[in-house]
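Asks: My questions all concern the structure below.
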Amino acid sequence: MFRVTREIDFCYGHRLLNYDGKCKHLHGHNGRAIIAIEADTLDERGMVLDFSDIKRVVSTWIDDNLDHRMLLHKSDPYVSILRDLGEPLYLMDQNPTAENIARLIHEFTASRGFPIVETHLWETPHCFATYRP
């Protein structure tokens with residue numbers, strides 16, 4: 001089995017619903033997604049996948065949809081206020097926890113045909129969540 005990984009840095013804001021702690025307030029993170037892609041064999045170039053293909057597809061999607069946006073649950077009461085102010089939002093069906101953001105990135109990557117096996121989302125330099133189906 002061969003594995004390649006790509007790290008993608010991005011900034012985002014969020015807050016958690018149904019949470020009793022600091023994260024119930026709007027705040028931001030310098031996040032890092034680490035996606036792991038595996039294959040049993042290498043292609044004709046001797047690669048699992050070209051790193052530039054991951055950047056072109058996944059990094060571009062993160063830049064366009066998650067970077068410098070407020071990630072909120074679609075039923076968050078702040079959605080209408082922030083929308084009225086013209087703030088960039090990404091609305092999620094789930095609470096925007098590190099676990100759910102990791103799953104979101106993983107599922108997007110898989111939907112583009114990449115053989116992704118695992119996604120880490122570093123929320124701080126000391127804390128990360130992992131999604132692996």
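Nothing in this text is a laboratory measurement; each read-out follows from the coordinates by a stated rule. Everything quoted here is computed from the prediction, not taken from an experiment. A quick note on method: Cβ atoms are made from the backbone with ideal geometry, for glycine too, and the neighbour counts reach across all protein chains shown.
Asks: Looking at region 15-49, which of its residues are farther than 28 Å from V117 by Cβ, in a loop (DSSP other than H, G, I, E, B) and not aromatic (F, W, Y)?
Replies: Narrowing region 15-49 to residues farther than 28 Å from V117 by Cβ: 15, 17-28.
Filter again for in a loop (DSSP other than H, G, I, E, B), leaving 15, 17-21, 25-26.
Result: R15, L17, N18, D20, G21, H25, L26.
Asks: Restrict the check to region 68-77 and report whether at least one residue is under 20 Å from V48 (Cβ atoms) and among the basic types (K, R). Even if it seems obvious, please write down each step before you answer.
Replies: Within region 68-77, the first condition is being under 20 Å from V48 (Cβ atoms), and the residues that meet it are none.
So far as region 68-77 goes, no, none of its residues is under 20 Å from V48 (Cβ atoms) and among the basic types (K, R).
Asks: Could you say whether any residue in region 63-73 is of a type in the set (D, E), loosely packed, with under 12 Cβ neighbours inside 10 Å and closer than 29 Å to R3 by Cα? Even if it seems obvious, please write down each step before you answer.
Replies: Of all residues in region 63-73, those of a type in the set (D, E) come to 63-64, 67.
Checking which are loosely packed, with under 12 Cβ neighbours inside 10 Å leaves us with 64.
If we keep only those that are closer than 29 Å to R3 by Cα too, we end up with 64.
Within region 63-73, one or more residues are of a type in the set (D, E), loosely packed, with under 12 Cβ neighbours inside 10 Å and closer than 29 Å to R3 by Cα.
Asks: If you take the residues of region 50-101 that are over 21 Å from E118 (Cβ atoms) and of a type in the set (D, E), which of them is farthest from the chain's Cα centre (by Cα)?
Replies: It comes out as D84.
Asks: I've got another one for you. I'd like the full set of residues that are assigned to a helix (DSSP H, G or I), aliphatic (A, V, I, L, M) and buried (at least 20 other Cβ atoms within 10 Å of the Cβ), limited to region 87-129.
Replies: A98, I101, A102, L104, I105 - these are the residues of region 87-129 that are assigned to a helix (DSSP H, G or I), aliphatic (A, V, I, L, M) and buried (at least 20 other Cβ atoms within 10 Å of the Cβ).
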